[in-house]
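Enquirer: Questions regarding the structure given below will be posed in turn.
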């Protein structure tokens with residue numbers, strides 16, 4: 001998979017992770033069992049996934065090679081910590097901090113069991129944060145304003161993946177047609193195989 005990069009610039013995920021932390025704080029308890037645009041996850045499952053990916057991608061930035069980075073995502077194994085309202089924002093802060101460290105985008109790293117240049121991995125985690133932020137917001141009825149820079153990065157990645165089942169296998173569903181003059185978030189969602197009109 002060729003992932004478009006930003007010329008070696010270290011991504012600053014702070015604004016996007018803070019937006020996700022705001023969403024986490026506002027998730028109603030009664031929404032935990034609701035479906036999300038990710039068919040394998042309820043809201044509780046998505047929150048657990050966000051916690052796990054935050055830890056994994058922070059370790060990827062630091063070039064940790066072990067269970068947190070070598071284990072592929074498994075929706076059936078995701079658990080939501082009891083103190084998730086504290087632990088998920090802490091993990092998100094740690095994720096942003098890790099990708100600001102010198103050398104974070106240098107060399108090769110691994111996350112989810114997939115090895116790639118660290119510069120490309122930074123794009124992948126940005127995309128994950130943008131898309132899953134929308135997943136969480138639309139499933140819970142909360143407002144969502146992704147960081148503009150993160151959104152641009154996510155759009156660059158999503159729009160670069162051909163609408164070919166082999167190229168998109170394990171990544172995204174088929175492209176959902178979205179008008180060219182639609183908001184950038186909607187075009188990013190469509191390119192990622194999500195329907196911007198999705199409702200629970």
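Computed from the coordinates by the stated procedures, all read-outs in this text should not be read as laboratory data. Fair warning: this is a prediction, and the values are worked out from it, not measured in the lab. Backbone-built Cβ (ideal geometry, glycine too); neighbour counts: all protein chains shown.
Enquirer: If we count other beta carbons within 10 Å of each Cβ, what is the order of 27, 130, fewest first?
Expert: 27, 130
Enquirer: Let me check against my output: what whole-number percent is the relative contact order of segment 48-185, with C-alpha pairs under 8 Å and at least 6 apart?
Expert: With pairs under 8 Å counted, the relative contact order is 21 percent.
Enquirer: Once you've got the GNM for the chain with C-alpha springs shorter than 10 Å, pick whichever of 114, 161, 88 has the biggest mean-square fluctuation.
Expert: Comparing 114, 161, 88 in a Gaussian network model of the chain, the most mobile one is 114.
Enquirer: As a test of the formula, what do you get for the chain when each DSSP H run with n ≥ 4 contributes -39,500 (n - 2.57) and the sum is divided by the residue count, at 222 nm and rounded to the nearest 500 deg cm²/dmol?
Expert: My calculation for the chain gives -15500 deg cm²/dmol from helical runs alone.
Enquirer: GNM, the chain, Cα, under 10 Å: largest mean-square fluctuation among 77, 56, 104?
Expert: Of 77, 56, 104, the Gaussian network model singles out 77 as fluctuating most.
Enquirer: Could you sort 37-43, 184-190 so that the peptide with the highest average Cβ count within 10 Å comes first and the rest follow in order?
Expert: 184-190, 37-43
Enquirer: Can you sort 135, 163, 97 so the residue with the fewest Cβ neighbours within 10 Å comes first?
Expert: Taking fewest neighbouring Cβ atoms as first place, the list is 163, 97, 135.
Enquirer: If I build a Gaussian network model for the chain, linking alpha-carbon pairs within less than 10 angstrom, which residue out of 69, 79, 140 has the largest mean-square fluctuation?
Expert: 79
Enquirer: Scattering from the C-alpha atoms of segment 14-147 alone, worked out with Debye: what is log10 I(q)/I(0) at q = 0.17, 0.19, 0.21 1/Å?
Expert: One equal scatterer on each Cα of segment 14-147 leads to -0.85, -1.05, -1.26.
Enquirer: To the nearest Å, what is the center-to-center distance of segment 128-200 and segment 8-72, using C-alpha atoms only?
Expert: For segment 128-200 versus segment 8-72, the Cα centre distance is 16 Å.
Enquirer: Could I ask something else about it? Extension gain residue 32-residue 197, at 0.36 nm per residue separation less the Cα-Cα distance, in nm?
Expert: Residue separation times 0.36 nm, minus the Cα-Cα distance, leaves 57.3 nm.
Enquirer: Between residue 83 and residue 149, take the C-beta separation as r, use R0 = 22 Å, and let me know the FRET efficiency to the nearest 0.05.
Expert: E(calc), rounded to 0.05, equals 0.10.
Enquirer: Let me ask you something else. Rounded, prolate or oblate for segment 78-200? Axes are the square roots of the Cα gyration tensor eigenvalues, ordered a ≥ b ≥ c, and the cut-off for rounded is a/c under 1.5.
Expert: In terms of gyration-tensor shape, oblate.
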